[in-house]
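What follows is a single structure, written as C-alpha cells, with notes after it.
Computed from the coordinates by the stated procedures, all read-outs in this text should not be read as laboratory data. This one's a predicted model, so the numbers in the text were calculated from it and none came from an experiment. Glycine gets a Cβ as well: all are built from the backbone with ideal geometry, and neighbour counts include every protein chain shown.
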Amino acid sequence: MSEAVDIRVVCEGPTDTVVIRSAVEALGVEAVVTQIQPENNSNLLGTLGEFGGGWKGVRAWCQSPFIRELLHVTLANARALVIHVDADIAHDKELSCAKPCPPARDTTDAVRAVVTGWLGAATVPPKVVLCVPAMATEAWVFCALFPEDKLTAGIECRKEPAALLVPRKPRLVAKKKDRYAKDTVAYEAARETLKAGWRTSVPRLCGEGARFLAELRAAIT
C-alpha cells in the first residue's frame, strides 16, 4: 500500500479547502490535505489565526518573513503546497489588476502574478500549485452541482457566483446582509458530488478549473 501524499493548503477559507480536497480525490490520489492558512479554530489566537482569513490573510501569510524563511521546509516535507485566492480580488482597489472578461484567463494570470510576487519570487516555486478560480470558487461548485443549468454559460466572468447557490439545494450558501455565508458542514456533505463534478463538468465548463486540475495532477501524481 502506497503512502498517502502530503498536500498543504493556503486559502481564503475552509470551504475552499473542501473544494480543493474534492479535486484531489477526483484524481484518485490517496492524500492527506491539511489547511495551514487560515488556521483552524483550535488555535489560541482566534478562529482565523495570526494572519486572518480571506485574500488578505493569504497575502499576509505569503509575505510573512517567518513563513518565507520556513517555506523551503514546508515544500521539502510536502508533495505540494496549494495557494488559493479567488480571481475577483483583482477588482479590489488595493490590487486593481482586473482585465476585460472574457477571457477569464487574462484576469487570473494577473492575479497569479500578484500571488507569485507575494512569495517574493519571479516565477511560481516548484511544488507550489496556484488555485485561482474565476471569478470565485463557487463558480466551480455551481458547475459541479448543476452542470446542465443554463447559468453555467459564461460563469467564469460572473461576479459573485455564490449568489447562484443561495436559492438552491443543498443549502451551501446564505446571503447575510452584504456578504455570503458559506456552510462548511454542507460543503463537506456535498463532497462526493463535488468530486464527481471535478471528473466531468468542472473542467469542461470552467477553463480555470481545468487548468488547476491539470497543474494539481502534474504536482501530485
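Nearest 0.05, what FRET efficiency do S64 and D109 give at R0 = 22 Å with Cβ-Cβ as r? The formula returns an efficiency of 0.30 here. Extending 7 Å from Cα along the Cβ direction at H72 and again at R171 yields two label points whose distance is 5.1 nm. Here is the short version for the chain: C11, C62, C97, C131, C143, C206 have no other Cys C-beta closer than 4.7 Å.
Taking label positions 7 Å along the Cα-Cβ direction at both A210 and S96, the computed distance is 3.4 nm, reported to one decimal.
A simple spin-label model places pseudo-atoms 7 Å from Cα toward Cβ; at D6 and V32 they are separated by 0.7 nm.
Given their separation in residues at 0.36 nm each and the Cα-Cα distance between them, A121 and A153 gain 8.0 nm when the chain is fully extended.
Can I get the semi-axes of the chain's equivalent ellipsoid? Compute them from the C-alpha gyration tensor as square roots of 5 times the eigenvalues, in angstrom, largest first.
On the way: eigenvalues 121, 82, 67 Å².
Its equivalent ellipsoid spans semi-axes of 25, 20, 18 Å.
Take 149-161, 16-28, 53-65, 194-206 and order them by the average number of nearby Cβ atoms within 10 Å per residue, most first; the result is 16-28, 194-206, 53-65, 149-161.
Straight-distance candidates among the lysines for linking to K93, with alpha-carbon spacing under 27 Å and chain neighbours fewer than 8 residues away dropped: K56, K159, K175, K176, K177, K182.
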